[in-house]
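Derivation of every value follows stated rules applied to the coordinates shown; laboratory data play no part. Quick caveat, the model's predicted, so the values are computed rather than measured. In this analysis, Cβ positions are derived from the backbone assuming ideal geometry, glycine residues included, and neighbour counts consider all displayed protein chains.
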Amino acid sequence: MKFSASRRESSSAGLTVGSGHVEELLSSGPDPLTIGRRLRHIRRAKGLTLADAAALASISPSALSLIENGKREAKLSVLITLATGLGTGLGELLATAAPSRRAALEIELEKAQRAGSFQALEIPAVRTGPRLPMEALEALVGLHRALAKVRAERAATPEQARRANADLRDRMRRQGNYFGEIESVAAELLTATKYDGGPITRTVVDRMCAYLGFRVVHTNDLPESTRTVTDLGHKIIYLPQPDAGQHDSRSLALQALGHVVLDHAVPQDYSEFLEQRVEINYFAASLLIPERGALSLLRRAKAAKDIAIEDLRDAYAVSYETAAHRFTNLATRHLDLPVHFMRISSSGVIFKAYENDGVQFPTDTTGAIEGQRVCRYWTARVVFDQPDLSTAYQQYTDTNSGTYWCTAVVDRTSAGLFSVSVGVPYADVKWMRGRETTERSKSRCPDPTCCALPPAELADRWEGMAWPSARVHSHLLAAMPPGVFPGVDQTDVLGFLDRHSVP
Ligand SMILES: [Zn+2]
């Protein structure tokens, strides 16, 4: 988790001047390369050689050369002496503009060639001295710009996406699915908007948006490729009409606000896009179920050995999924409980999952779990076979990595039935409501004879006679949707904003 200060790595990480005040002044100023080029430009305009100018500041010509090439950061005292010696002001030297168009192109080429992403290509760098023809300089800079654009828009392959997802889940597991910085940002916002407990109503959400200068507008013509659109210029968050989607519109509004509050920059690649998605989800959940209130509820429940996700859901008027997700955020950090969480389709395919309790999700070769099918005997799947889908179902499951107790509910959506389940290892079931269940099953997955292969007797009887026509999962074949915001139709979005900003 990184916030703006570190994420927006400043390209102007400038001079080492040793004074906080000056550093502050320079924080939005030129970078060493620009300073170097301005210095060289001024020196040449005065007709001074490298040696002449170096002598002015009592440094060696080679040191001055390094400074002029942006390879060494000059001390402020050296810059002041040089400015005085060259008969110019420090301000002139530190101006952000390149001294000429040629210098600007040279600086851009230098920077592009010094970037790690270029060096990884192992293409030799071109010297940007005066002997490089202007035409070649223009062409090289043009190519670097085009390359940067392609990189930004590069469609992540499904494999890259799956790896990125697996990496992200690893990081979430290491921190127990708890994001302290987001919790404090949320707590500040709650305090600032005078929240005093209970569910976060639509009104409270509007108040939070207003506090941050944003207005929420519901509309029925959002571009199809988006969930929400934010007009950063006019500070308007556009949401779908409340009846238009299955998403809780409070959650959508808070997620849109999350991008702003967490100071997200345009994602550089698919993994940053995913990371931002996780962060805004977390941000929305941490407001819908504020940490402090949730903790007092959960701690009381733990003391009474009566923890139930339903209580969290009902106390904050949220979906079971939001309550379950929030429980996993707080359980390990504050209640000392390792947990797992899953959202799967009725055919057993994982859409979301998290664990830090050793449960072994099915994975593919990249370590990704999304799209994998969980064991037929796990609670998350057995729940679909229950006669009454409206209540939570609990079960103990013996697996290769131990016995787990899980509770699951079925969620009816326009895309079909899904189950949301939360589980803990056997040792921790004593804290959970529903532990008295006598339901128990045994899973031998990933042993294929557990449930992946049909029973031998059945297979024999139908040998050579079954020919199903598979439903093609076209999304599995497609490359990741292209674009900075994957799959978003930018023309639709800009057209939409334009339409809505008519005075
Ligand atoms: Zn199985």
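When the chain is described by a simple charge dipole with +1 on each Lys and Arg Cβ and -1 on each Asp and Glu Cβ, the residue from S271, V205, G85 located farthest towards its positive end is G85.
Taken over region 90-246, the percentage of Cα pairs per 5 Å bin, counting from 0 up to the bin with the maximum distance, is 1, 6, 9, 9, 9, 11, 12, 11, 11, 9, 6, 3, 1, 0, 0. Ranked by the mean number of other Cβ atoms within 10 Å of their residues, highest first, the peptides 45-53, 415-423 come out as 415-423, 45-53.
Over region 166-273, calculate the relative contact order: mean separation of alpha carbon pairs under 8 Å at least 6 apart, over the residue count, as a percent.
19
For the chain, the dipole from Cβ point charges (+1 on Lys and Arg, -1 on Asp and Glu) about the Cα centre works out to 1100 debye, to the nearest 20. Counting only lysines at least 8 places from K235 when in the same chain, those with an alpha carbon closer than 28 Å to its own are K2, K149, K194. In angstrom, the C-alpha Rg and Dmax of region 73-116 are 12.9, 37. Take every DSSP beta bridge whose two residues both sit in region 146-279; close to 40 percent of them are antiparallel.
Projecting the Cα atoms of I107, M342, F118 onto the dipole axis of the chain, where Lys and Arg carry +1 and Asp and Glu carry -1 at the beta carbon, places I107 farthest toward the positive end.
Rounded to the nearest 10 degrees, what's the angle between the helix 134-153 long axis and the longest principal axis of the chain, both from Cα atoms, 0 to 90? For 134-153 against the chain, the angle is about 10 degrees.
Its Cα gyration tensor gives region 192-240 an equivalent ellipsoid. The semi-axes, each the square root of 5 times an eigenvalue, are 23, 13, 7 Å from largest down. Hey, how much of the P(r) for region 253-379 falls beyond 27 Å, as a percent of Cα pairs? Distances greater than 27 Å cover 27 percent of the Cα pairs.
Please tell me the relative contact order of region 163-451 in percent, rounded to the nearest whole number, where contacts are Cα pairs under 8 Å and at least six residues apart. Don't skip to the answer; put the middle values down first.
On the way: 480 pairs, mean separation 45.9, N = 289.
Normalised by residue count, the contact order of region 163-451 is 16 percent.
Taking Cα atoms, how many degrees apart are the long axis of helix 320-335 and the longest axis of the chain, rounded to 10 and kept between 0 and 90? Rounded to the nearest ten degrees, it is 70. Pairs of Cα atoms in the chain fall into 10 Å distance bins, from 0 up to the last occupied one, in shares of 3, 15, 21, 20, 16, 12, 8, 4, 1, 0 percent. Working from Cα positions, state the angle (0 to 90°, nearest 10) between the long axis of helix 101-114 and the longest principal axis of the chain. Result, in degrees: 40.
Nearest 0.05, what FRET efficiency do D447 and E159 give at R0 = 22 Å with Cβ-Cβ as r?
Once the sixth-power term is evaluated, E becomes 0.25.
Sequence gap at least 6, Cα distance under 8 Å: using those rules, report the relative contact order of the chain to the nearest whole percent.
Here the relative contact order equals 12 percent.
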